[in-house]
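The values are calculated or read from the model by the stated rules, or taken from the named source; none is laboratory data. Fair warning: this is a prediction, and the values are worked out from it, not measured in the lab. All Cβ positions, even for glycine, are placed from backbone atoms using ideal geometry, and neighbour counts span all protein chains on display. All accessible areas refer to the heavy atoms of the entire protein, side chains included, with ligands and DNA or RNA removed. Shrake-Rupley method; radii C 1.70, N 1.55, O 1.52, S 1.80 Å.
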Amino acid sequence: NAGVTQTPKFQVLKTGQSMTLQCAQDMNHNSMYWYRQDPGMGLRLIYYSASEGTTDKGEVPNGYNVSRLNKREFSLRLESAAPSQTSVYFCASSFDRGKETQYFGPGTRLLVL
Amino acid sequence: EDKVVQSPLSLVVHEGDTVTLNCSYEVTNFRSLLWYKQEKKAPTFLFMLTSSGIEKKSGRLSSILDKKELFSILNITATQTGDSAIYLCAGGAQKLVFGQGTRLTINP
């Protein structure tokens, strides 16, 4: 099992460009999450998907959109990147309510110039 | 507003020392408190605590939750250089709120 995979590993964008971060899990988990991690601020939830077909905003959703394509895949889109979105992005998944342990992907380092 | 606060933010000790990391939380819909270790990349799961007063242990690491006082501690005994990492705690139910992390450095 690969667990949680993310692509790309690293990306440089210019202000105003768009891109999609991809995430997939092969653990048959129902719930998936996108976080960003900035120095000194821990992990902040951007969006999550409790199950296939549903998505909800987290703590810092502005400037992002998500798509739960199927049970395995959850993508994060930046429509018009801004320097404030320079960060490390982690995708995570968990089985279901009552089983909160989240398993993380390796992260995507994004630099917006 | 939900929040999870960790202390200290940074800690430097010598190999062999014992350390205690703290995590306090104010989270609505709380069900669990989780600890993660983050080295260079993704956080890796250490413990999940749901009941007060029951210690969870894994080798030299142990953790306990106090649901009355809303805090948890993570203890590491006989520290080794490989324990150097950022330790994250998170509380919640399906949605987790993460603390800022404690950066632990173990010097040989």
Considering segment B:14-37, residues that are over 17 Å from A:R44 (Cα atoms) and open to solvent by less than 20 Å² (accessible area, probe 1.4 Å), and then whichever is farthest from the other protein chains (Cβ to nearest Cβ), we arrive at B:V19
Pairs, please: C-beta under 9 Å, at least 6 apart or cross-chain, first residue closer than 14 Å to B:C23 by Cα and within 10 Å of chain A (Cβ to nearest Cβ) and in segment B:39-52, second of a type in the set (D, E) and surrounded by 15 or more Cβ atoms within 10 Å (Cβ to Cβ)?
B:M48/A:E100
In segment A:95-106, which residues are under 15 Å from the mean Cα position of the chain (by Cα) and surrounded by fewer than 22 Cβ atoms within 10 Å (Cβ to Cβ)?
A:Y103, A:P106
Working only within segment A:4-25, note down all residues that are hydrophobic (A, V, I, L, M, F, W, C) and surrounded by 15 or more Cβ atoms within 10 Å (Cβ to Cβ).
A:V4, A:L13, A:M19, A:L21, A:C23, A:A24
Scanning for something hydroxyl-bearing (S, T, Y) and either out of contact with any Ser or Thr (no Cβ under 8 Å at 6 or more places or on another chain) or away from chain B (no Cβ under 14 Å) (or both), does segment A:93-111 turn up at least one residue?
no
Qualifying position, being open to solvent by 40 Å² or more (accessible area, probe 1.4 Å), basic (K, R) and more than 11 Å from chain B (Cβ to nearest Cβ), among A:R68, A:R72
A:R72
Residues (crowded, with 17+ Cβ neighbours inside 10 Å and either part of a strand (DSSP E or B) or not hydrophobic (A, V, I, L, M, F, W, C) (or both)) located in segment B:38-55:
B:Q38, B:P43, B:L46, B:F47, B:M48, B:L49
Options A:G16, A:G3, A:G53, A:G63: the member that is on the phi > 0 side of the Ramachandran plot and at the interface with another protein chain (Cβ under 10 Å from one of its Cβ atoms):
A:G3
Every listed condition ((1) surrounded by 15 or more Cβ atoms within 10 Å (Cβ to Cβ); (2) aliphatic (A, V, I, L, M); (3) in contact with an Asp or Glu (Cβ under 7 Å, 6 or more places away or on another chain); (4) at the interface with chain A (Cβ under 9 Å from one of its Cβ atoms)) holds for B:I76 save (4)
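Select from segment A:32-65 the residues that are open to solvent by 60 Å² or more (accessible area, probe 1.4 Å), over 14 Å from A:S94 (Cα atoms) and of a type in the set (D, E) and write down the one among them that is modelled with the highest pLDDT.
Narrowing segment A:32-65 to residues open to solvent by 60 Å² or more (accessible area, probe 1.4 Å): A:39-41, A:52-53, A:55-57, A:59, A:62, A:65.
From what is left, the residues that are over 14 Å from A:S94 (Cα atoms) are A:39-41, A:53, A:55-57, A:59, A:62, A:65.
Keeping just the survivors that are of a type in the set (D, E) gives A:56, A:59.
Working: A:D56: 92, A:E59: 88.
If we take residues in segment A:32-65 being open to solvent by 60 Å² or more (accessible area, probe 1.4 Å), over 14 Å from A:S94 (Cα atoms) and of a type in the set (D, E), then A:D56 is modelled with the highest pLDDT.
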